[in-house]
Amino acid sequence: MNQWEVVIGIETHAQLSTVSKIFSGAPTAFGAEPNTQACAVDLALPGVLPVLNKKAVECAIRFGLAIGAHVAPKSVFARKNYFYPDLPKGYQISQFELPVVQGGAITVQVGSGDKAYEKTVNLTRAHLEEDAGKSLHEDFHGKSGIDLNRAGTPLLEIVTEPDMRSSDEAVAYAKALHALVQWIGICDGNMQEGSFRCDANVSVRRPGAPFGTRREIKNLNSFRFLKEAIDFEVQWQINEIEEGRKIQQATVLFDPDSGETRTMRTKEDAHDYRYFPDPDLLPLVIADDWIARVRGELPELPAQKRERFAGELGLSAYDAATLTASQEIAGFFESTVEVAGTANAKPCANWVMVDLAARLNKEGRDIGQSPVSPAQLGGLVRRIADNTISNNIAKKVFEALWNGEGASADEIIDKQGLKQITDSGAIEALVDEVIAANAANVAEYRAGKEKAFNALVGQVMKAAKGKANPQQVNELLKKKLAG
Amino acid sequence: MSLTLEQVQRIAHLARIETSESEALTTQGHLNGIFQLIEQMQAVDTAGVEPMAHAQDLSQRLRDDAVTETDRRAAYQAVAPETEAGLYLVPKVIE
């Protein structure tokens with residue numbers, strides 16, 4: 001693979017979170033009975049005119065600002081002409097020469113651990129358009145069934161430059177974009193329902209050579225399929241070229257069952273969409289004060305939060321990235337730190353990312369459904385920090401909080417008598433007992449067996465019911481055994 | 001600029017309009033007449049003039065995001081050639 005460079009660009013269709021369609025007042029709710037949400041405009045009955053949904057435009061502005069793009073003060077809707085039964089007008093209203101969002105970039109973390117690196121993916125554009133309906137090809141007496149509920153649903157098509165160089169980078173970008181559109185509240189991100197779909201443009205070349213001929217893989221609705229489809233396609237293209245064949249520009253579909261891509265149409269029968277400005281729609285003008293207002297309403301963005309978590313709270317880049325995977329996780333973490341104190345940000349991060357995440361995962365819950373609140377977790381971390389309890393006991397307290405055995409860590413520690421023994425006199429007494437009762441271990445340790453020491457520590461902790469301060473036990477035991 | 005007969009036939013195909021050879025020839029004549037008109041217009045010096053996307057120099061009116069249309073499927077499907085299970089039926093589009 002070394003002698004081939006992979007080049008990937010991604011187009012994403014994000015369904016915008018509006019209650020009505022982009023050019024009509026019909027509802028956009030998912031899962032309705034067929035054709036009950038398709039009005040005269042969506043059906044393209046004679047005499048109807050499209051009227052643009054303000055919220056859809058506002059979503060596009062939000063996105064443009066979130067990625068540092070130019071929000072065009074004037075953009076134009078165009079007709080993209082093609083014939084298909086789920087497109088009643090015979091054209092899709094889209095934007096062509098003058099899209100609403102121009103340029104911008106998204107910086108993503110690729111990989112994890114030592115191999116992790118940052119990658120900036122530049123965006124070409126994002127434009128507003130309407131979705132088509134749905135064709136059902138099951139047998140209706142040799143005919144196809146058409147459901148136009150989805151026709152006219154607002155979409156933002158987000159197009160990158162051919163900047164990605166591996167399927168891992170493509171997936172990292174797609175995931176970051178998926179998180180971002182939800183973060184800024186413009187798309188629900190539901191991939192099963194088709195709210196977020198990716199097309200990948202893939203080509204291969206020798207490093208430094210001009211771009212190779214690309215093939216476009218359509219409609220990938222999961223990150224796993226995105227990766228599998230690209231990996232298969234890359235290998236297929238390399239094989240073709242190495243066997244002396246040329247790549248033909250084509251549109252292909254990925255079959256998740258076989259793990260293969262297959263040609264849908266080649267360039268010869270590629271669509272000639274004959275775009276032209278839609279005479280039914282006037283140019284979309286976005287005034288500066290509208291942009292300013294939307295800017296003021298934007299939440300702190302994932303990248304800004306990441307930077308702040310790393311800078312102000314001293315978290316690693318990996319931790320900062322994990323904790324900004326969604327607004328909910330970031331919010332939970334920040335509320336936890338608020339209670340525990342910024343000096344304890346790192347243990348808070350660990351509790352949220354490790355213990356809490358594992359427990360949530362085990363029960364298949366979202367962080368929003370955590371029975372342990374950020375205030376409770378923050379209170380717990382504070383008690384570890386001030387040596388009231390050890391880490392081990394803390395896990396017990398966490399479990400008790402999870403099961404609702406008390407309103408706060410303090411209450412549970414109190415009720416269940418879990419307070420750590422830090423009184424050195426009390427610990428010393430326990431250490432003396434254990435040394436007296438475990439002569440064999442003591443002898444082994446003195447003979448140089450480190451393992452025997454751990455066994456003795458274990459005995460002391462057992463005698464203390466886990467509540468003795470581990471550092472003090474270690475120190476006292478060492479001192480006594482040396483003496 | 002003028003269109004060849006082949007281009008006229010391709011455009012007709014894309015628009016799903018069936019044309020005979022003689023109709024295509026007539027249409028070619030009409031279209032090329034329009035192109036001559038365009039050539040005349042293009043001879044005008046428009047340097048420094050911003051192109052318009054619409055004949056009216058206005059901007060798009062926007063509507064609030066609210067549902068204003070109720071379900072009228074029964075009325076719409078009453079005039080459809082064929083429906084089943086709430087779907088519009090059309091000749092099969094894939095093999």
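Structure values in brief
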{"item": "From the options B:ASP45, B:ASP64, residue that is open to solvent by 90 Å² or more (accessible area, probe 1.4 Å) and closer than 29 Å to A:ALA38 by Cα", "result": "B:ASP64"}
{"item": "Members of segment B:13-32 found to be assigned to a helix (DSSP H, G or I) and open to solvent by less than 70 Å² (accessible area, probe 1.4 Å), listed by number", "result": "B:LEU14, B:ALA24, B:THR27, B:GLN28, B:GLY29, B:LEU31, B:ASN32"}
{"item": "Segment A:16-36 - residue that is open to solvent by less than 40 Å² (accessible area, probe 1.4 Å) and more than 7 Å from every other protein chain (Cβ to nearest Cβ) and, of those, farthest from A:PRO162 (Cα to Cα)", "result": "A:ALA32"}
{"item": "The lone exception for A:VAL71 - which of (1) surrounded by fewer than 20 Cβ atoms within 10 Å (Cβ to Cβ); (2) closer than 21 Å to A:LEU282 by Cα; (3) touching a residue at least 40 places away in the same chain (Cβ under 8 Å) it fails", "result": "(1)"}
{"item": "Residues being modelled with pLDDT under 85 and open to solvent by less than 40 Å² (accessible area, probe 1.4 Å) - total across segment A:428-468", "result": "3"}
{"item": "Evaluation of B:PHE35 against (1) of a type outside the set (Gly, Ala, Ser); (2) in a helix (DSSP H, G or I); (3) open to solvent by 80 Å² or more (accessible area, probe 1.4 Å) (one fails), failing number", "result": "(3)"}
{"item": "B:ARG10 vs. criteria part of a helix (DSSP H, G or I), of a type in the set (D, E, K, R) and at the interface with chain A (Cβ under 10 Å from one of its Cβ atoms)", "result": "yes"}
{"item": "Residues of segment A:42-59 that turn out to be touching an Asp or Glu at 6+ places or on another chain (Cβ under 8 Å) and either at pLDDT below 95 or more than 8 Å from chain B (Cβ to nearest Cβ) (or both), as a count", "result": "2"}
{"item": "The listed residue being out of contact with any Asp or Glu (no Cβ under 6 Å at 6 or more places or on another chain), within 7 Å of chain A (Cβ to nearest Cβ), assigned to a helix (DSSP H, G or I) and open to solvent by less than 80 Å² (accessible area, probe 1.4 Å), out of B:TYR76, B:TYR88", "result": "B:TYR76"}
{"item": "Members of segment A:111-169 found to be assigned to a strand (DSSP E or B), more than 14 Å from chain B (Cβ to nearest Cβ) and among the hydrophobic types (A, V, I, L, M, F, W, C), listed by number", "result": "A:VAL121, A:LEU123, A:ALA126, A:LEU155, A:LEU156, A:ILE158, A:VAL159, A:MET164"}
{"item": "Scan of segment B:45-71 for residues that are facing another protein chain (nearest Cβ under 7 Å) and either in contact (Cβ under 8 Å) with a residue 60 or more places away in the chain or under 21 Å from A:ILE146 (Cβ atoms) (or both), ordered by number", "result": "B:GLU69, B:ASP71"}
{"item": "Among residues of segment A:385-395, those that are surrounded by 16 or more Cβ atoms within 10 Å (Cβ to Cβ), in a helix (DSSP H, G or I) and not β-branched (Val, Ile, Thr), counted", "result": "1"}
{"item": "From A:VAL6, A:VAL51, residue being under 29 Å from A:GLU233 (Cα atoms) and touching a Lys or Arg at 6+ places or on another chain (Cβ under 7 Å)", "result": "A:VAL6"}
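A quick yes/no check of all residues on (1) touching a helix residue (DSSP H, G or I) at 6+ places or on another chain (Cβ under 9 Å); (2) farther than 30 Å from A:THR36 by Cα:
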residue: A:ALA78; (1), (2): no, no
residue: A:ASN81; (1), (2): yes, no
residue: A:ASP86; (1), (2): no, no
residue: A:VAL100; (1), (2): yes, yes
residue: A:ASN122; (1), (2): no, yes
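The values are calculated or read from the model by the stated rules, or taken from the named source; none is laboratory data. Owing to the predicted nature of the structure, the values given are computational and were not obtained by experimental measurement. No Cβ is skipped: glycine too gets one built from the backbone with ideal geometry, and neighbour counts run over all protein chains shown. For accessibility, only protein heavy atoms count, side chains too; no ligands or nucleic acids. Shrake-Rupley method; radii C 1.70, N 1.55, O 1.52, S 1.80 Å.
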